[in-house]
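Q: Just dropping this structure here.
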Amino acid sequence: MAKKNSPIRQLLSPSKIFIPIGLGLLVAGWLLYTEFDLESFVQVEWGLNTVFWIFMSLVMVATRDFGYMYRIRHLTDKAISWRNSFDVIMLWEFSSAISPSVVGGSGVAVFIVNKEGVKLGKSTAVVMVTAFLDELFYILMVPIVFAFVAQSDLFPQEARDYLGDAVNAETIFYLGYGFIVSLTTLIILSIFLFPGALRSLLRTMGSWRIFKKWETSFVETGDDIVISSKELKGKPFSFWLTAFSATFFSWTARFWVVNCLIMALAPIIFSDHMLVYARQLVMWVIMLISPTPGGAGIAEIAFQGFLASFIPLGMAGTLALLWRIFTYYPYLFLGVIILPRWIRKVYLKRPLITFKSPS
């Protein structure tokens with residue numbers, strides 16, 4: 001069973017699961033109660049078009065997850081099988097879903113990849129590279145998508161009304177975008193340009209009294225990162241093109257889930273599709289700084305504020321709930337199912353590479 005100091009223990013607490021579920025459903029229920037319009041619901045043509053676009057929403061969800069699975073296999077040089085890559089991605093998403101958005105699931109992701117037989121240093125490098133690719137996609141897509149929309153349309157009054165005066169969406173977005181650019185620059189410096197400096201930093205930290213009991217692990221991790229950095233820098237252009245292509249398809253599918261759901265109720269033109277996409281890019285930064293697990297509650301409110309104008313009157317709350325049912329709750333439930341079996345597999349059948357416990 002997982003040791004007391006194991007990062008995986010944070011995934012085992014029932015409260016970690018019930019809090020985001022309860023918070024998300026509470027806010028969704030409030031939106032449905034205050035905004036639902038029975039007349040508009042009845043007037044929606046629940047025909048083949050609706051079924052098709054809801055199906056396409058599910059296709060986008062599957063595309064997103066498949067892209068993540070393909071990428072983790074690619075970055076680890078296929079050290080993780082397809083079956084195990086599914087577990088890795090589902091547990092990674094599960095960790096993100098029960099952690100405050102500002103924290104994310106990267107720390108647990110390093111642990112999970114390591115337990116699949118990838119050395120700790122390379123696991124750290126792989127998770128950092130996935131973060132780099134994700135942020136690079138966002139950095140590039142913001143100016144590209146924003147070029148198709150008017151800047152004045154990015155921050156609707158409805159978003160201000162729902163989020164409140166204390167949340168200045170425009171300021172948060174531009175500060176968040178600057179932070180993402182800074183984080184991406186730091187990853188480039190740490191992994192691709194100055195891994196030796198990162199190793200020196202880890203060795204220095206390992207000598208500090210607070211980390212003294214893990215000094216050996218800090219040193220070994222620093223050495224592994226330098227080795228992994230040399231390996232990654234030696235990869236051909238095709239390697240990075242494939243990795244970024246998988247990232248592009250995953251994140252594009254992630255955002256297109258909403259576009260497909262809107263199409264299920266009210267077909268929109270190309271310019272509106274780009275505006276929906278652009279507003280989701282803004283929403284993502286706001287959800288990223290959410291103190292709630294997986295952005296629960298905040299995500300539903302942001303959806304209502306940014307996207308209600310594209311949805312039939314009174315149906316935004318319903319669509320927000322459907323969006324979260326497709327893109328959030330499945331990872332909570334799949335995580336609960338996969339986690340016990342995964343723990344038994346990695347602790348009973350594999351040699352472990354872990355940080356040493358303090359005595």
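All of the numbers you see were taken from the coordinates with simple rules; none came from a lab. Because the structure is predicted, anything quoted here is derived from the model rather than measured. Note: ideal-geometry Cβ built from the backbone for every residue, glycine included; neighbour counts use all protein chains shown.
Q: Give, as a single signed number, the net charge of other residues whose beta carbon lies under 12 Å from the beta carbon of T247, with Lys and Arg counted +1 and Asp and Glu -1.
A: +1
Q: Could you rank the peptides 265-276, 311-322, 199-210 by their average count of other C-beta atoms within 10 Å per residue, with the highest value first?
A: 311-322, 265-276, 199-210
Q: Report the gain in length on full extension from S207 to W82: 0.36 nm times residue separation, minus Cα-Cα distance, nm rounded to one decimal.
A: 41.1 nm
Q: Sum up the charges of everything whose Cβ sits under 12 Å from the Cβ of T124, counting Lys and Arg as +1 and Asp and Glu as -1, but leave T124 out.
A: 0
Q: Which entries in K235/K345; K78/K212; K213/K235; K115/K233 show an alpha-carbon gap greater than 30 Å?
A: Over 30 Å Cα-Cα: K235/K345; K78/K212; K213/K235.
Q: Mind sorting K122, K235 by how few other Cβ atoms lie within 10 Å of their own Cβ, fewest first?
A: K235, K122
Q: Compute the length gained on full extension between S245 and R341: take 0.36 nm times their separation in residues and subtract their Cα-Cα distance, giving the result in nm to one decimal.
A: Taking 0.36 nm per residue and subtracting the Cα distance, the gain is 31.4 nm.
Q: Further question on the same structure: Evaluate the Debye formula for the stretch 7-349 with equal point scatterers sitting on the alpha carbons, no solvent, and hand back log10 of I(q)/I(0) at q = 0.12 Å⁻¹, in q order, two decimals.
A: -0.92
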